[in-house]
């Protein structure tokens with residue numbers, strides 16, 4: 001039943017008065033009158049709907065706090081009208097912004113990539129790389145050096161080389177978005193996680209070069225709107241090694257460290273492809289990029305970054321220290337269960353219990369993207385949260401009611417028509433992932449003598465993590481905070497960080513200064529790791 005509208009008035013300077021209902025979203029009100037665009041759809045990601053507000057409105061949200069907006073300047077899409085208010089509109093530029101990542105504009109710009117104009121005076125060492133230089137190559141400046149490319153020097157491809165998915169943005173020299181999208185990782189056929197892929201390479205070394213070529217071919221083919229002049233790619237340590245066909249022995253065995261830390265460049269079909277720096281261990285260029293994005297935002301400290309996935313990275317940033325780790329959460333988050341699917345193929349992204357059938361089985365309401373092929377990772381998380389909230393499973397993960405038995409295994413029928421099920425065994429796999437994530441942030445907090453309540457903000461990174469409802473994260477205990485207002489869904493922060501590096505080159509060329517501040521923790525070497533992991537198998541905070 002729709003609640004009754006309690007009328008109030010919003011005065012927009014130089015535009016007159018607008019009647020509104022208490023509780024309405026200010027951004028939607030202004031956009032509905034054609035007074036303000038919402039470039040990112042009103043999700044708080046782009047930060048471009050800034051207005052000045054006086055009067056009775058809601059408190060700043062986490063999306064405003066990370067941008068330092070605590071006074072009259074607010075993000076209209078994050079403001080709820082609580083009574084009469086006065087609004088001053090900005091001079092608005094219509095921009096095309098990324099739909100899947102938070103927008104961070106560097107405070108100052110010193111671009112990594114610049115056009116090269118012959119005849120100009122260059123205060124840089126002329127170190128020209130000429131890979132089989134012939135006709136069709138064009139010069140440009142990359143990080144203070146002159147490189148050559150067969151692509152368009154005015155277009156840069158930013159690539160998040162994920163374990164199961166490759167996301168990308170094609171941008172111009174100013175960082176303006178030209179195109180974005182994602183594709184399935186071609187290495188999925190070699191295994192769902194990095195450990196399986198490393199095992200395959202160790203057993204059959206020639207597969208390293210086969211995998212490398214497949215990745216390069218996929219990356220070069222990603223953009224549809226022109227051939228980029230250069231590529232900036234970030235991935236975890238294993239994926240980065242495989243991309244450049246580097247030996248993975250030091251990652252597969254002790255000391256479990258990458259062969260290199262700094263960025264490297266390789267040419268493929270005449271296009272230079274450069275990597276983001278690796279932090280340490282399995283905390284790679286993707287985590288470094290996410291860290292860069294938050295450092296440029298400069299939110300209140302201490303804060304934490306959690307990038308959920310098969311290889312979950314967790315970073316804690318305190319007053320002056322940075323501590324990072326990674327954990328093999330396993331494939332449950334990426335839909336690799338009995339009826340699992342991955343985002344590229346489509347599936348169930350959210351599940352709600354909307355009632356109960358006469359036989360006691362839960363009746364599910366499902367949100368589907370694409371084809372109903374199975375449960376996506378976000379669908380698994382929402383399903384477990386709902387089953388737990390409604391008492392179908394307990395804190396130990398034991399199925400209590402509402403199930404049928406299939407081959408002797410307790411099974412929930414999620415979608416009978418498409419034979420999508422969720423079993424007791426699937427719940428156990430999920431609990432392993434849950435315990436891995438909870439253990440990662442608990443150990444980092446303990447090392448800095450911090451409590452979860454000390455955290456000002458928790459960034460949930462990755463398009464996967466950003467599709468999860470805050471209530472599910474809190475109720476399952478996946479995040480250290482219980483207050484949903486301290487959770488920031490940042491989308492694909494890897495691409496955001498790569499864009500920051502593109503526009504402010506110090507984060508790439510001066511990477512050592514940042515890496516020297518990062519303490520890396522190998523969870524497996526922590527003496528209390530297994531004890532903490534076992535305790536965190538339980539569902540809930």
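The values are calculated or read from the model by the stated rules, or taken from the named source; none is laboratory data. Nothing here was measured: the structure is a model prediction, and the numbers come from that model. Neighbour counts run over all protein chains shown; Cβ positions are idealised from the backbone, glycine included.
Being part of a loop (DSSP other than H, G, I, E, B) and modelled with pLDDT of 90 or more is the filter; apply it to segment 19-48 and report the residue that is surrounded by the most Cβ atoms within 10 Å (Cβ to Cβ). If you could, list the steps in order and put the result at the bottom.
To start, the set of residues in segment 19-48 that are part of a loop (DSSP other than H, G, I, E, B) comprises 22-24, 33-48.
Checking which are modelled with pLDDT of 90 or more leaves us with 22-24.
Numbers: 22: 15, 23: 13, 24: 18.
Within segment 19-48, the match that is surrounded by the most Cβ atoms within 10 Å (Cβ to Cβ) is 24.
Filtering 355, 360 for residues that are surrounded by fewer than 16 Cβ atoms within 10 Å (Cβ to Cβ), outside any helix (DSSP H, G or I) and touching a residue at least 40 places away in the same chain (Cβ under 8 Å) leaves a single hit, 360. The number of residues in segment 395-429 that are assigned to a loop (DSSP other than H, G, I, E, B), out of contact with any helix residue (DSSP H, G or I) (no Cβ under 7 Å at 6 or more places or on another chain) and in contact (Cβ under 8 Å) with a residue 60 or more places away in the chain comes to 3.
Can you find a residue that is farther than 23 Å from residue 114 by Cα, in the same structural domain as residue 197 (by TED's automatic domain parsing) and touching a residue at least 60 places away in the same chain (Cβ under 8 Å) anywhere in segment 221-234? Break it down into steps so the answer makes sense when it comes.
Taking segment 221-234 first, the residues farther than 23 Å from residue 114 by Cα are 221.
Keeping just the survivors that are in the same structural domain as residue 197 (by TED's automatic domain parsing) gives 221.
In the following step, the residues that additionally are touching a residue at least 60 places away in the same chain (Cβ under 8 Å) were identified as none.
Within segment 221-234, none of the residues are farther than 23 Å from residue 114 by Cα, in the same structural domain as residue 197 (by TED's automatic domain parsing) and touching a residue at least 60 places away in the same chain (Cβ under 8 Å).
To keep it simple, each residue is scored yes or no on (1) free of Cβ contacts under 8 Å to residues at least 40 places away in the same chain; (2) out of contact with any helix residue (DSSP H, G or I) (no Cβ under 7 Å at 6 or more places or on another chain); (3) more than 26 Å from residue 103 (Cβ to Cβ).
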{"residue": "453", "(1), (2), (3)": "yes, yes, yes"}
{"residue": "470", "(1), (2), (3)": "yes, no, no"}
{"residue": "476", "(1), (2), (3)": "no, no, yes"}
{"residue": "484", "(1), (2), (3)": "yes, no, no"}
{"residue": "516", "(1), (2), (3)": "yes, yes, yes"}
{"residue": "523", "(1), (2), (3)": "no, no, yes"}
{"residue": "537", "(1), (2), (3)": "no, no, yes"}
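Checked against (1) over 15 Å from residue 468 (Cβ atoms); (2) surrounded by 13 or more Cβ atoms within 10 Å (Cβ to Cβ); (3) within 30 Å of the chain's Cα centre (by Cα); (4) modelled with pLDDT of 95 or more, residue 383 passes all but condition (1). Considering (1) modelled with pLDDT of 95 or more; (2) part of a loop (DSSP other than H, G, I, E, B); (3) within 30 Å of residue 209 (Cα to Cα), the lone condition that residue 273 does not fulfil carries the number (2). Of the strands (runs of 3 or more DSSP E) lying entirely inside segment 452-541, those containing at least 3 residues that are crowded, with 21+ Cβ neighbours inside 10 Å and within 20 Å of the chain's Cα centre (by Cα) are 457-461, 487-491.
For the condition crowded, with 18+ Cβ neighbours inside 10 Å and out of contact with any strand residue (DSSP E or B) (no Cβ under 7 Å at 6 or more places or on another chain), residue 435 qualifies.
Of the listed requirements (1) touching a strand residue (DSSP E or B) at 6+ places or on another chain (Cβ under 8 Å); (2) farther than 22 Å from residue 460 by Cβ; (3) assigned to a loop (DSSP other than H, G, I, E, B), residue 301 misses just one: (2).
Look at residue 297 and say whether it is at pLDDT below 95 and closer than 19 Å to residue 477 by Cα. Considered against the rule, which asks whether it is at pLDDT below 95 and closer than 19 Å to residue 477 by Cα, residue 297 comes out as no.
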